[in-house]
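Everything below concerns the one structure shown next.
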Amino acid sequence: MERSLAHIALFAALISVLGFLPRIDMVAGVPITFQSFGVMLAGAVLGARKGALAVLVFIGLLALGLPLLSGGANLWSVLYTPRIGYVLGFPVAAYVTGWLTQRLTALPLTFAAGVAAVGGGMIVLYTIGIPVAAYMNDLTLAETAAGAVAFLPGDMIKAIATGLVTGQLARMRPGVVQSRA
Amino acid sequence: MADPSSGIEIAAASVVLGDRPVLTGLSLRLTERRIGILGRNGSGKTTLLRLIAGLIAPQTGTVRVDGFDPFADRRAALAGIGILFQNPDHQILFPTVEEELAFGLAQQGLSQSEALARANAALASEARAHWAKAPVTSLSQGQRHYLCLMAVLLMAPRTILLDEPLAGLDLPTQARLARRFAALPQRLVTITHDPASVGDCDRVIWLDAGRIAADGPPSRVIPLYTAEMARIGATDADADLAG
Amino acid sequence: MLTLTLPVETALHRVSAAAKLAGIAGLGVILGLTADPVLLAAVFAGLWLAYLPLGPVEAARLPRRLWLLWPFVLVIGGWHLVRGTPEAGLVVILRMLTMFGAATLMLLTTRFDALLAAFSSLLRPLERLGLPVNRIALALAMAVRFIPVLTQRASDLAEAWRARSARKARHRLLVPLAIAALDEADHAAEALRARSALV
Ligand SMILES: Nc1ncnc2c1ncn2[C@@H]1O[C@H](COP(=O)(O)OP(=O)(O)OP(=O)(O)O)[C@@H](O)[C@H]1O
Ligand SMILES: [Mg+2]
């Protein structure tokens with residue numbers, strides 16, 4: 001119990017801190033931060049339930065006004081922006097990433113976590129984020145999806161990083177990757 | 001039921017951490033009021049304290065504190081045992097001083113507002129009322145150590161376990177704390193590297209590689225310990241530090 | 001960064017944290033009800049007035065705080081200009097800036113522990129439905145405690161890296177930072193166990 005609570009709190013803190021890390025500027029000029037990587041990692045490492053709870057704690061902090069979203073935003077300031085769908089989709093993304101990591105047991109952990117991150121952190125997140133962004137921008141789904149292509153390379157890198165980091169954590173701290181415990 | 005007179009009873013307890021045996025077949029019955037634990041780095045002192053505090057369970061053997069099992073019976077442990085961690089940063093759970101102090105009291109059954117009031121009163125009586133709202137990150141290492149100690153004392157447990165309580169504190173603070181410890185009515189189990197600081201104990205236990213190397217009054221254990229430490233210190237190679 | 005709370009006491013400090021949280025949520029709803037840029041601009045101006053009791057320095061600092069959001073303003077504004085819908089863009093930007101300014105005002109005049117206590121009391125009715133409100137509050141407080149710890153850890157790691165390498169650390173920090181989070185969690189779990197009886 002204490003351990004679960006501590007993991008949830010610490011991953012909420014980790015997701016917050018990853019939002020402050022220096023951005024990496026991508027080829028297309030789209031800046032990416034590691035925040036959504038933190039969301040994928042929470043799912044891949046803590047598993048579906050605890051991963052989603054960690055993200056919900058993070059969102060709770062945003063709701064209390066803390067400027068922890070990458071770029072210094074809080075929950076209220078993104079409320080009516082196209083970004084809100086992605087932020088509210090984060091817990092679902094973490095849940096699905098964890099759920100998939102727990103089920104893809106036939107694959108080696110690194111690979112399973114990477115695939116799960118694509119599933120949860122990209123496919124599911126886009127499925128929630130794109131329609132909301134389309135509504136907010138008053139655009140069609142197709143137009144919005146075309147715009148979201150700019151995020152594909154960055155998110156792909158984060159999904160791969162999720163796989164690699166999860167694999168390394170499992171090696172360095174055996175037993176810690178609870179999605180496979 | 002809790003029986004304060006029965007003290008700490010450890011029977012044939014072994015602890016394995018990872019795949020490393022850290023404590024091996026340890027048996028101890030501690031009923032004295034002041035107990036000192038000496039030993040080199042990695043000898044298992046902290047592990048012994050965690051075992052007594054019920055933070056870990058022995059792989060084999062049993063542990064009883066005042067008659068209860070500190071690992072299984074956490075409610076009893078809250079009133080029965082307090083532990084000061086070696087590293088204050090591993091102990092602090094809250095962003096501000098008063099929240100940190102109030103937490104244990106609230107866990108003992110006080111309402112949050114009562115707990116906060118008691119925490120503030122305790123700070124005031126230590127002339128540190130201005131700490132209440134301060135973020136814990138604004139305190140120095142020694143101040144954080146002090147905060148952790150206050151958090152433990154505030155819960156008034158019958159047995160207090162102290163893991164190197166004076167390490168990293170300046171000399172006046174050390175002297176003040178030592179006096180404070182001496183005045184406490186509770187049973188104290190104190191870990192240290194420094195043989196001089198256990199001179200006033202009723203009993204001193206020297207732990208070496210997870211076993212008891214010597215156990216008895218300070219007048220007997222301390223000379224043995226100092227002689228052995230001097231002997232090891234004189235040699236260059238140190239096989240014992242191998243992790 | 002997490003402790004914005006101003007040391008000086010103003011009238012706004014004395015408004016209860018629960019009222020402020022409810023106010024923010026209410027403002028969020030109200031801003032969604034109108035898409036009239038003039039009305040939204042008026043609300044934004046009103047927010048600025050609310051900063052005045054904090055003193056001229058803080059009121060003058062608001063634009064600087066809002067300036068943080070320039071990339072979003074640029075993207076949203078640019079996008080709507082290109083599409084020929086500047087008014088819609090203005091609406092999004094005004095809502096964003098107003099909500100950001102309001103949340104910042106709340107942080108400036110309310111201690112975080114008070115906000116957290118208010119948040120818990122707002123959730124309290126849901127306890128009957130099985131929501132573990134105390135644990136949620138504990139997790140939020142612990143997250144806030146460990147954000148500066150992990151931030152410090154990240155900068156220590158970057159420093160240790162710079163001391164021994166000419167290249168930038170960047171993604172090489174990810175594994176050690178995640179390890180740090182896991183290890184801190186182990187210590188925190190033990191500290192929690194030492195002073196609580198969670199079951
Ligand atoms: N979680 C762990 N996993 C594996 N081994 C551990 C773990 N914790 C401690 N050990 C090992 O157990 C041994 C005893 O550790 P312990 O912390 O009890 O020593 P100590 O006597 O308190 O030392 P010090 O004086 O340095 O604080 C050490 O060799 C240490 O490497
Ligand atoms: Mg130790």
Size of the C/B contact, given as accessible area buried on both chains, probe 1.4 Å, in Å²: 2300 Å²
When chain B is modelled as a GNM with alpha-carbon springs shorter than 10 Å, which of B:193, B:90, B:145 fluctuates the most? B:90
Of C:113, C:36, C:156, the most mobile residue in a GNM of chain C (C-alpha springs, cutoff 10 Å) is C:156
Residue farthest toward the positive end of the dipole of chain B, with Cβ of Lys/Arg at +1 and Asp/Glu at -1: which of B:97, B:72, B:122? B:122
In nm, to one decimal, how far is the residue C:124 label point from the residue C:30 one, both placed 7 Å along Cα→Cβ? 2.6 nm
Karplus-derived 3J(HN,Hα) from phi for region B:71-88 (6.51 cos²θ - 1.76 cosθ + 1.60, θ = phi - 60°), whole Hz, x at Gly and Pro, runs 7, 7, 9, 6, 4, 5, 5, 4, 8, x, 9, x, 10, 9, 5, 4, 10, x
Using alpha carbons only, what's the Rg to Rh ratio of chain C with Rh from Kirkwood? 1.04
Quick check: Cα centre of region A:71-122 to Cα centre of region C:89-147, how many Å? 22 Å
Could you work out how far apart the two model spin labels at residue B:62 and residue B:167 are, taking each label as a point 7 Å from the Cα in the direction of the beta carbon, and quote it in nm? 3.3 nm
Once the whole set of protein chains is in place, how much accessible area is left on residue B:45, using a 1.4 Å probe, in Å² to the nearest 10? 10 Å²
Taking the dipole of chain C about the Cα centre (Lys, Arg +1; Asp, Glu -1; charges at Cβ), the one of C:187, C:53, C:110 that reaches farthest to the positive side is C:187
Relative contact order %, region C:113-199, counting alpha carbon pairs below 8 Å whose residues are six or more apart: 20 percent
For region C:15-52 and region C:169-199, compute the distance between their C-alpha centroids and round to whole Å. 38 Å
Rg and Dmax [Cα atoms of region B:1-141; Å; Rg one decimal, Dmax integer]: 17.5, 48
Suppose a student asked you for the relative contact order of chain B, using Cα pairs under 8 Å spaced at least 6 residues apart; what percent would you report? 25 percent
For residue B:84, list long-range residues whose amide hydrogen, built 1.01 Å from N in the peptide plane, is under 5 Å from its own amide hydrogen. B:161, B:162, B:163
Relative to the longest principal axis of chain C, what angle (0 to 90°, nearest 10) does the C-alpha long axis of helix C:17-33 take? 50 degrees
Evaluate the relative contact order of chain C (contact order divided by residue number), counting alpha-carbon pairs under 8 angstrom at least 6 apart; express in whole percent. 25 percent
Please report the net charge: other residues with Cβ closer than 15 Å to the Cβ of residue A:84, K and R +1, D and E -1. +1
In Å and whole numbers, how far do the C-alpha atoms of chain A stretch along each principal axis, longest first? 47, 34, 27
Could you give the angle, 0 to 90 degrees to the nearest 10, between helix C:112-123's Cα long axis and the longest principal axis of the Cα atoms of chain C? 80 degrees
Förster radius 60 Å - calculated FRET efficiency between residue B:19 and residue C:85 (Cβ-Cβ, nearest 0.05): 0.40
Neighbours of residue A:99 by Cβ distance under 14 Å: Lys/Arg at +1, Asp/Glu at -1, summed charge +4
Rounded to whole Å, give me the distance from the Cα center of region B:158-213 to that of region C:148-168. 36 Å
Name the long-range amide H neighbours of residue B:22: under 5 Å, sequence gap of 5 or more, or other chain; modelled H, no Pro or chain starts. B:15, B:16, B:17
What value, in deg cm²/dmol to 500, does the helix sum -39500 (n - 2.57) over DSSP H runs of n ≥ 4 give at 222 nm once divided by the residues of chain B? -11000 deg cm²/dmol
Round to a whole number: what % of the accessible area of chain A belongs to carbon and sulfur, probe 1.4 Å? 71 percent
Carbon and sulfur atoms: what percent of the 1.4 Å accessible area of chain C do they account for? 68 percent
Give me the summed buried accessible area for the A-C pair, 1.4 Å probe, to the nearest 100 Å². 4800 Å²
Excluding residues fewer than 8 positions from residue A:158 in its own chain, the aspartates and glutamates with Cα under 16 Å of it are A:25
Report residue B:211's accessible area, 1.4 Å probe, all protein chains in place, as a number in Å² to the nearest 10. 130 Å²
Exposure rank, largest accessible area first [B:148, B:201; 1.4 Å]: B:201, B:148
Ellipticity estimate at 222 nm from DSSP helix runs (n ≥ 4, -39,500 (n - 2.57)) divided over chain A, nearest 500: -21000 deg cm²/dmol
Among beta bridges assigned by DSSP with both residues in the protein assembly as shown, the antiparallel ones amount in percent, to the nearest 5, to 55 percent
Cα axis of helix B:218-234 to longest principal axis of chain B: angle in degrees, 0 to 90, nearest 10? 70 degrees
For the protein assembly as shown, build the convex hull from the C-alpha positions and give me its volume per residue in Å³. 180 Å³
P(r), alpha carbons of chain B - 10 Å bins starting at zero, rounded %: 7, 30, 35, 21, 6, 0
7 Å from Cα along Cα→Cβ at both residue C:39 and residue C:171: what's the point-to-point distance in nm? 4.8 nm
Please list B:138, A:4, C:196 from largest to smallest accessible area, probe radius 1.4 Å, with all protein chains kept in place. B:138, A:4, C:196
Enumerate the amide H contacts of residue B:68 below 5 Å, restricted to partners 5 or more residues apart or on another chain; note that Pro and chain-start residues carry no placed amide H. B:3
What fraction, in whole percent, of alpha-carbon pairs in region B:156-243 exceed 20 Å separation? 45 percent
Counting only other residues whose beta carbon sits under 15 Å from that of residue C:113, what net charge do I get with K and R as +1, D and E as -1? +1
Which loop GluC sites (Glu not before Pro) in region B:82-124, with loop taken from DSSP, have no more than 10 other Cβ atoms within 10 angstrom of their Cβ? none
Radius of gyration and Dmax over the Cα atoms of region C:1-110, both given in Å: 14.8, 46
Cut-off 10 angstrom, C-alpha nodes, Gaussian network model of chain C. Which of C:89, C:130, C:55 fluctuates the most? C:130
What ranking of C:13, C:80 comes out by heavy-atom accessible area, probe 1.4 Å, highest first? C:13, C:80
Average accessible surface area per residue within region A:1-124, 1.4 Å rolling probe, Å²: 29 Å²
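The values are calculated or read from the model by the stated rules, or taken from the named source; none is laboratory data. Computed from a predicted model, the values in this text were never measured in an experiment. Neighbour counts are summed over all protein chains in view; Cβ atoms, including those assigned to glycine, are modelled from backbone coordinates with ideal geometry. For the accessible areas, the whole protein counts, side chains as well, though only heavy atoms, and no ligand, DNA or RNA atoms are used. Shrake-Rupley method; radii C 1.70, N 1.55, O 1.52, S 1.80 Å.
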